[in-house]
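The values are calculated or read from the model by the stated rules, or taken from the named source; none is laboratory data. Because the structure is a prediction, the values reported are computed rather than measured. All Cβ positions, glycine included, derive from the backbone under ideal geometry; neighbour counts span all protein chains shown. Ligands, DNA and RNA are excluded from the accessible area calculation, which covers all protein heavy atoms including side chains. Shrake-Rupley method; radii C 1.70, N 1.55, O 1.52, S 1.80 Å.
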Amino acid sequence: MARVFPQAGVSSPYMSTERETFTVWMKSLVYQTNGLTVYNSNGEITYRVENYDKSSNEVHIMDLHGNILFTIRKKKLWLFGSWYVYRECGTLSSTEEVKPFVKIKRSCIRDGDWEVRDETNEVFWILRFDPKFSFQIIDVHGNIIAKVKPKQSSNGVILGEDVLSLEVKPRIDHSLVVTLVTVYGLIKGIV
């Protein structure tokens, strides 16, 4: 099976041998719901998230056709929560015990940062850069896997707080990176 993060073989429609840049619109395509829509560099919708109930503990990452790729479930632990990401492998009931593909929890090292641990126990970090919505996803060696920042026009004008630029390194599963962006949006109360 191909690895999700660096050094992965390109065997997935969600990976590329080239650096990819996406536009993330922090709005749902469905009227009056929370969510986000992700466009590729050609302006085509590639991923979407519809969060019909902001108080729900479960959100789904879908491709353009509505196929669920990942499910995010919030787990409440003491004062803070953590998020578990499940790879969609068919229909599961909410009572079935399935091992999460990725776990995200608040960092014990830096305030405002989040630890991402995959099923092989490899650790990655979501590093926050400002109170709004700029952050990077890095590996344990400090290599940048993905960057998220407010999108700017060619003239340098920021397009709005809800329009972001997502840059993903080659050979990285961008569907999982979009899932981590969604988790960060849930953490910030935006999605």
I need the full set of residues from the stretch 151-173 which are open to solvent by less than 40 Å² (accessible area, probe 1.4 Å) and either touching a residue at least 12 places away in the same chain (Cβ under 8 Å) or within 23 Å of Arg106 (Cα to Cα) (or both), in order please. Val163, Leu164, Ser165, Leu166, Val168, Ile172, Asp173
Keeping to the stretch 141-162, report how many residues are of a type outside the set (S, T, N, Q), closer than 21 Å to Arg19 by Cβ and touching a strand residue (DSSP E or B) at 6+ places or on another chain (Cβ under 6 Å). 8
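Go through the stretch 12-31 and give me each residue that's of a type in the set (A, V, I, L, M, F, W, C) and under 17 Å from the mean Cα position of the chain (by Cα).
Result: Met15, Phe22, Val24, Trp25, Met26.
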Taking the stretch 134-163, which residues are in a strand (DSSP E or B) and out of contact with any helix residue (DSSP H, G or I) (no Cβ under 8 Å at 6 or more places or on another chain)? Gln136, Ile138, Asp139, Ile144, Lys147, Lys149, Pro150, Gln152, Ile158, Val163
Please count how many residues of the stretch 17-50 are more than 21 Å from Ser153 (Cβ to Cβ), assigned to a loop (DSSP other than H, G, I, E, B) and open to solvent by 20 Å² or more (accessible area, probe 1.4 Å). 7
Any residue in the stretch 31-56 that's under 15 Å from Leu69 (Cα atoms): show its pairings with residues that are modelled with pLDDT of 90 or more and not in a strand (DSSP E or B) at Cβ separation under 6 Å, as long as the two are six or more apart or on different chains. Val38/Val178; Thr46/Asn40; Tyr47/Val178; Val49/Thr182
Do we find a residue being open to solvent by less than 80 Å² (accessible area, probe 1.4 Å), basic (Lys, Arg) and either farther than 21 Å from Phe135 by Cα or modelled with pLDDT of 90 or more (or both) anywhere in the stretch 51-63? no
Filter the stretch 64-97 down to the residues that are more than 29 Å from Thr23 (Cβ to Cβ) and aromatic (Phe, Trp, Tyr), then identify the one that is modelled with the lowest pLDDT. Trp78
Sort through Leu164, Leu186 and tell me the only one that's modelled with pLDDT under 90 and of a type outside the set (Gly, Ala, Ser). Leu186
Verdict on Val178 being touching a residue at least 40 places away in the same chain (Cβ under 8 Å), within 12 Å of the chain's Cα centre (by Cα) and not in a helix (DSSP H, G or I): no
